[in-house]
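Scroll down for the structure; my scribbles are underneath it.
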Amino acid sequence: MTDRIDITFAALDKRTEPVAALIVADGPSFGDAGRDLDEQSGGALSNAATAADFKGRMKSAIEVLAPPGIAAKRLLVIGAGQTAEAKENDWALLGGYVLGQIAQRKCEQASVVVDVDGGEEGLTADAIAAEVAFGAMLRHYSFRKYLTRRNDEANGRNGDAADSAAQQKRAAQRREGLSKLVVHCARPEKAKAAFQRLRGIGEGVLLARDLVNEPANTLGPVEFAAEAKKLEKLGVDVEILDDKELKKLGMGALLAVAQGSERPARVAVMTWNGTKSKKVPQPVCFVGKGVVFDTGGISIKPASGMEDMKGDMGGAACVTGLMHALAARKANVHVVGLIGLVENMPSGSATRPGDIVVSHSGQTIEVLNTDAEGRLVLADVMSYAIDRFKPRFVVDLATLTGAIMVALGKEYAGMFTNDDGLAAQLTEASRATGEKVWRMPLDKAYDKMIDSKNADVKNLGGRWAGACTAAAFLQRFVKDTPWVHIDLAGTAMDSGRNDINQSWGSGWGVRLLDRLVTDHYEK
Ligand code: BES
Ligand code: MN
Ligand code: ZN
């Protein structure tokens, strides 16, 4: 959907773009490439560094304008800090920072010279160059497909001039801003190979962001399902269950959420089997909440800020992005991603508070608050996923509760699980990727709070521990399957800008789960 930046790799001796950035480590002198550039410029770089007291500290930067002997009109020298301690994600963050610095200089093309090595325990220089490119790719993203007026202003036109084809082409280029980045490093072929898999992951992250940012009028359940279907191009098998099939399958809880909307529900089942083994191994399963818009239904939400509920499909976006990532990098894993797609609307056909519905599992649910709809969707999709696929584990992702934001803010997603091993694996993946999760409790006491007088369970707990009673509700639908629930209400959207994300929709979770799969579920 949104345009991506074109990233390529080249050797150190080809630096021709108008803006260049040189990444150097903390210390008294430049590396080989830096010394080389400094010599070419007759010492302009080292003079500037001395004048500015530049030491190469993390994210410190100087700008040398029109350096003699160098093709670039502007050369940024950017510090990487203590490189021996830097981890993968630190390099990605630095790549994002560098891209931000370059993009401010308004140019179409730029080059980055990676003049650092990994240190003894660190990554190779090739892997560093790839991570820098990955961070740049993520940072470059912005959701501007609907900004026609601002784009015209940026082009200096009033919108009614009949431009020539050449003018239009130039305007389109300017509109995109930076469109091409060349990363220079010692062994470009190796860096390119390392970037190959990161590019797949990055595409998955950006797909998830696109889906979260897209408004609900253009992204209903049917349109979202069509986006999922597009993964077939990557070799994913995508099955779309329509409302008739969902009824036949007995997904009464999910359908109860959808019934107030003009737009019918869908469930997308995305299967990727990248294993080579003859016997198909048990899959791992990811399930996403895909409420394309959450008005609250009859228990309607207050008007203020309701527009944010276009992002209530952040879990489904994450699962779709993850499937894209795994297929694009041809992961050696058997994985099924399922997303429950509905719109929660109030209307004459909407579910009422007090209604009792029969879920896919057979358990009856008393709907006391139609705004606690996400758990109804997940209950049915998880129960179906477990019945049909007998997975090794299920991870569900959902923008499930405001309460998780009260507990953890926008820094951490909440993690609830019945499996200590999975908790440890996810915590480790979280440290590696910087997508942070914090374990929250499951407890009989919370489970008791959702007992209902009139049905097997009710969809509302008490006044307190809203995120925990929501998790307790989900637990009733997973039997003994190893299961993790991730509440990403705080992190999937509006989670604040940083070096690798400047967008409202963050694409949070794709990197985390890709990492979980890489480290523990690929042979
Ligand atoms: N989608 C919301 C949770 C949410 C709120 C996500 C804000 C992102 C930002 C969810 O469906 C919801 O409405 N939850 C209610 C549950 C309550 C009625 C038990 C909530 O958290 O208030
Ligand atoms: Mn709700
Ligand atoms: Zn919701």
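The values are calculated or read from the model by the stated rules, or taken from the named source; none is laboratory data. Here the structure is a predicted model, which is why all the values come from computation and not from measurement. Here the Cβ is made from the backbone with ideal geometry for all residues, glycine too, and neighbour counts use every protein chain on show. Surface areas here come from the heavy atoms of the whole protein model, side chains and all, with no ligands, DNA or RNA. Shrake-Rupley method; radii C 1.70, N 1.55, O 1.52, S 1.80 Å.
Which of the peptides 22-33, 498-509 is most tightly packed, and how do the rest follow, going by the mean number of other Cβ atoms within 10 Å of each residue? Working shown, then result.
Details: 22-33: 18.8, 498-509: 23.4.
Sorting 22-33, 498-509 by mean packing, highest first, produces 498-509, 22-33.
Among 204-212, 186-194, how do they line up by average Cβ neighbours within 10 Å per residue, starting with the highest?
Result, highest mean Cβ count within 10 Å first: 204-212, 186-194.
Could you tell me how far the Cα centroid of the stretch 353-422 sits from the Cα centroid of the stretch 203-237, in Å?
Each part's Cα centre sits 22 Å from the other's.
May I have the extent of the alpha carbons of the chain along their three principal axes, as whole Å values ordered from largest to smallest?
Largest to smallest, the principal-axis extents are 83, 59, 47 Å.
Take the alpha-carbon centre of the stretch 23-37, take the same for the stretch 441-508, and report the distance between them in whole Å.
That distance is 49 Å.
Hey, what number do you get for the chain at 222 nm if only DSSP H runs of n ≥ 4 count, each worth -39500 (n - 2.57), divided across all residues, to the nearest 500? Don't skip to the answer; put the middle values down first.
Working: 17 runs with 194 residues, N = 523.
After summing the helix terms and dividing by residue count, I get -11500 deg cm²/dmol.
Please report the carbon-and-sulfur percent of the accessible area for the stretch 206-269; probe 1.4 Å, protein heavy atoms only, DNA, RNA and ligands left out. Kindly include the intermediate steps, with their values, before the conclusion.
Details: 1340 of 2570 Å².
Using a 1.4 Å probe with all protein chains present, the stretch 206-269 comes out at 52 percent carbon and sulfur.
Sorted by accessible area (1.4 Å probe), largest first, how do Val358, Val236 line up?
The residues order as Val358, Val236, largest area first.
Probe radius 1.4 Å, ligands and nucleic acids left out: which of Lys278, Lys180 has the largest accessible area, and how do the rest follow?
Working: Lys278 210, Lys180 60 Å².
Result of the area sort, largest leading: Lys278, Lys180.
If you rank Arg388, Arg476 by how much accessible surface each has, with a 1.4 Å probe, what is the order from largest down?
Working: Arg388 105, Arg476 55 Å².
Correct descending sequence by accessible area is Arg388, Arg476.
Any idea of Cys318's accessible area? Nearest 10 Å², probe 1.4 Å.
For Cys318, solvent-accessible area is about 0 Å².
How big is the charge dipole of the chain about its Cα centre, in debye rounded to the nearest 20, if each Lys and Arg gets +1 on its Cβ and each Asp and Glu gets -1 on its Cβ?
Working: 65 positive and 67 negative charges, 143 e Å.
For the chain, the charge dipole is close to 680 debye.
If you roll a 1.4 Å probe over the heavy atoms of the protein chains, what accessible area per residue do you get for the chain, in Å²?
Accessible surface, normalised per residue, equals 42 Å².
Could you tell me the accessible area of Tyr141 in Å² (1.4 Å probe, neighbours in place), rounded to the nearest ten?
0
Say each of Thr50 and Gln363 gets a label point 7 Å from the Cα, pointing the same way as Cα to Cβ; how far apart are those two points in nm?
The answer from the label model is 7.3 nm.
For the pair His520 and Arg4, how long in nm is the line joining their label points, each one 7 Å along Cα→Cβ?
For the pair His520/Arg4, the computed spacing is 2.8 nm.
In percent, how large is the relative contact order of the chain, given Cα pairs closer than 8 Å and 6 or more residues apart?
Values: 1239 pairs, mean separation 79.9, N = 523.
Taking the mean separation of contacting Cα pairs over the length of the chain, I get 15 percent.
Taking the full set of protein chains and a 1.4 angstrom probe, give the accessible area of Phe143 in square angstrom, rounded to the nearest 10.
The accessible area of Phe143 comes to roughly 50 Å².
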